[in-house]
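Below is one structure; the comments refer to it alone.
The values are calculated or read from the model by the stated rules, or taken from the named source; none is laboratory data. On a predicted model such as this, the values are computed, not experimentally measured, just so you know. Cβ placement follows ideal geometry from the backbone for every residue including glycine, while neighbour counts extend to all protein chains displayed. Each accessible area value is taken on the protein alone, full model and side chains, heavy atoms only, with ligands, DNA and RNA left out. Shrake-Rupley method; radii C 1.70, N 1.55, O 1.52, S 1.80 Å.
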Amino acid sequence: MSADDHQPRSAAAVDERPDLDAASLISVRGLRVHFETKRGRAHAVDGVDLDIRDGETIGLVGETGSGKSVTARSLLRLVPMPPGVLAGGSVLYRPKQVCGACSGSGCTACGQVGRRPIACRACDGAGCEACEHTGRHTVDLLRISDTELREIRGNRIAMIFQDPGKALNPALTIRQQIAEVFLEHRSGELLQAAGLEDGDRRAGRLMRRSAHQRVRGIERLMLKLPPWRGRQVKLSTAIDDAVIRALEDTRIPNPRKILTNYPHELSGGMKQRVMIAQALACDPDLLIADEPTTALDVTIQARILDLISELQQRRGTAVLYISHDLSLVKRVCDRVAVLYAGQIAEVSDVAELFRRPMHPYTRGLLAAVPSAEQQRGQLRAIRGTVPELVDPEPACRFHTRCDAAVPLCASREPVLWERGDGAAPHRVACFAHADPQVLGVDRRELPVLDEGSS
């Protein structure tokens, strides 16, 4: 066979290669996180499926106890085990690398964000089972080693915790806490900024150990003597500059002034900005914001949300925004996932979900939001409480609170069905939207929702 005979197939193969930019940054598949209790095993997160795309803001909403924070912490393996138990599932992460065309400064090839997807090492971007046919390098965050996870945690995936007063270390200064991120993940850049990469190998080795905070014994004494003392001062100055730049990005006035402050000396809004600076210090691919404005007043809330949105647009960071405040979710998110009793009830674009909610629980949440048209004392509420999650029976977990529930809801567990005619799929876990032929039941056995309610 001649070389010309191979040409058409080669061109076709190139055309069929997956678009690396189209793949999701994070793919959560069947995530199950349980907790051992004296009464049995509590299914806090039970079969969560969720995709987070590059550069988007996706909201994770639900009432207290629905599993939002446990889901988010599981992405970084921050759930203490025991009592936690990883009962199943995977969290597939597709990292990005510095753009080779612009060295991270931003260009048209990388969409001005300075980072591009990494091709799968098994198939060289052609698509295979290891990368779920996305063509992108894929790792399972639940199964990689602790060493590999430390390279990702705080570096490529960062988290803003719910209460900055508790998340920040009261015994360390602001400088020490933000500097720790740079020293752990950007020590090479700090040494380069301080001009300490060149010179003899022994000097470079000691300064690298100092940048990684691994000096001990006699090495500490050496750093206090010439010429090491001068080099240590240069490294300290480079660290100060990096911390100040991170604080400046969060619009903290005169950031140099608060370097030596402790968390208790700052206001709630300032502490939250420090947390954001710490989380965004390494330009992560994903920022997990766990109710970052809960303890703040309304005016500070708006500033923090605008700050996160501005930094996201500038850096192309994806954001997982956790909240129980639907008005904030509507304002800041591109898509919304509704979580109830450890399971996804509905996923949709934010405009579509607020315009046409499909799950009874979502409708109940939206109906409970107060409006100017409602009369005093007429707020609507979802009856009942969240069901017991200790060794639950297979059933729709909302059926005890749902006005449309039928016997089928109490005997089988629904899955997410795709519905809607828009460009983006609207997925809902409710038998009212199921195909009776797939379930093997008569249509009359399915629940019927009031189309007028929302």
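Laid out as a table, the results:
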{"quantity": "Test: Gly106 is within 24 Å of Gly316 (Cα to Cα), open to solvent by less than 30 Å² (accessible area, probe 1.4 Å) and outside any strand (DSSP E or B)", "calculated": "yes"}
{"quantity": "Residue that is modelled with the lowest pLDDT, among those in region 412-425 that are assigned to a loop (DSSP other than H, G, I, E, B) and open to solvent by 70 Å² or more (accessible area, probe 1.4 Å)", "calculated": "Ala423"}
{"quantity": "Of all residues in region 219-267 being among the small types (Gly, Ala, Ser) and surrounded by fewer than 14 Cβ atoms within 10 Å (Cβ to Cβ), the one that is farthest from Lys166 (Cα to Cα)", "calculated": "Gly230"}
{"quantity": "Inter-residue pairs, beta-carbon under 7 Å, first more than 23 Å from His133 (Cα to Cα) and in region 85-104, second of a type in the set (Val, Ile, Thr) and open to solvent by 20 Å² or more (accessible area, probe 1.4 Å), 6+ apart", "calculated": "Gly104/Val98"}
{"quantity": "Identity of the residue in region 61-73, open to solvent by less than 20 Å² (accessible area, probe 1.4 Å) and under 10 Å from the mean Cα position of the chain (by Cα), that ends up nearest to Ile322 (Cα to Cα)", "calculated": "Ala72"}
{"quantity": "Any hit, region 67-80, residues being modelled with pLDDT under 90 and in a loop (DSSP other than H, G, I, E, B)", "calculated": "no"}
{"quantity": "Filtered residues of region 268-298 (kept if assigned to a loop (DSSP other than H, G, I, E, B), open to solvent by 10 Å² or more (accessible area, probe 1.4 Å) and either under 14 Å from Ile174 (Cα atoms) or of a type outside the set (Gly, Ala, Ser) (or both))", "calculated": "Leu280, Ala281, Asp283, Glu291, Thr294, Leu296, Asp297"}
{"quantity": "Breaking point among (1) surrounded by fewer than 18 Cβ atoms within 10 Å (Cβ to Cβ); (2) in a helix (DSSP H, G or I), for Leu311", "calculated": "(1)"}
{"quantity": "The one condition in (1) open to solvent by 50 Å² or more (accessible area, probe 1.4 Å); (2) in contact (Cβ under 8 Å) with a residue 40 or more places away in the chain; (3) closer than 30 Å to Glu393 by Cα that Met81 fails to fulfil", "calculated": "(2)"}
{"quantity": "Region 314-323: number of residues that are buried (at least 16 other Cβ atoms within 10 Å of the Cβ) and either outside any strand (DSSP E or B) or charged (D, E, K, R) (or both)", "calculated": "3"}
{"quantity": "Meets criteria (at pLDDT 85 or above and under 27 Å from Val98 (Cα atoms)) for Gln177", "calculated": "yes"}
{"quantity": "Scan of region 343-400 for residues that are surrounded by 12 or more Cβ atoms within 10 Å (Cβ to Cβ), of a type in the set (Val, Ile, Thr) and either closer than 18 Å to Gly62 by Cα or without any contact (Cβ under 8 Å) to a residue 12 or more places away in the chain (or both), ordered by number", "calculated": "Ile344, Val347, Val350, Thr362, Val369, Ile382, Val386, Thr400"}
{"quantity": "Residue satisfying all of: in region 207-233; among the small types (Gly, Ala, Ser) and modelled with pLDDT of 75 or more; farthest from Ser187 (Cα to Cα) among these", "calculated": "Gly217"}
{"quantity": "Pairs, first free of Cβ contacts under 8 Å to residues at least 12 places away in the same chain in region 408-420, second of a type in the set (A, V, I, L, M, F, W, C) and assigned to a strand (DSSP E or B), C-beta under 9 Å, six or more apart", "calculated": "Glu418/Val428"}
{"quantity": "Qualifying residue in region 109-128 (condition: modelled with pLDDT under 90, charged (D, E, K, R), part of a loop (DSSP other than H, G, I, E, B) and buried (at least 17 other Cβ atoms within 10 Å of the Cβ))", "calculated": "no"}
{"quantity": "Pairs with Cβ under 9 Å, 6+ apart, first in region 156-176 and of a type in the set (Asp, Glu), second open to solvent by less than 40 Å² (accessible area, probe 1.4 Å) and in a loop (DSSP other than H, G, I, E, B)", "calculated": "Asp163/Glu291"}
{"quantity": "Extreme residue, surrounded by the most Cβ atoms within 10 Å (Cβ to Cβ), among residues of region 326-342 that are within 27 Å of Phe431 (Cα to Cα) and of a type in the set (D, E, K, R)", "calculated": "Arg335"}
{"quantity": "Residue within region 139-148 that is at negative phi, modelled with pLDDT under 90 and of a type outside the set (D, E, K, R) present", "calculated": "no"}
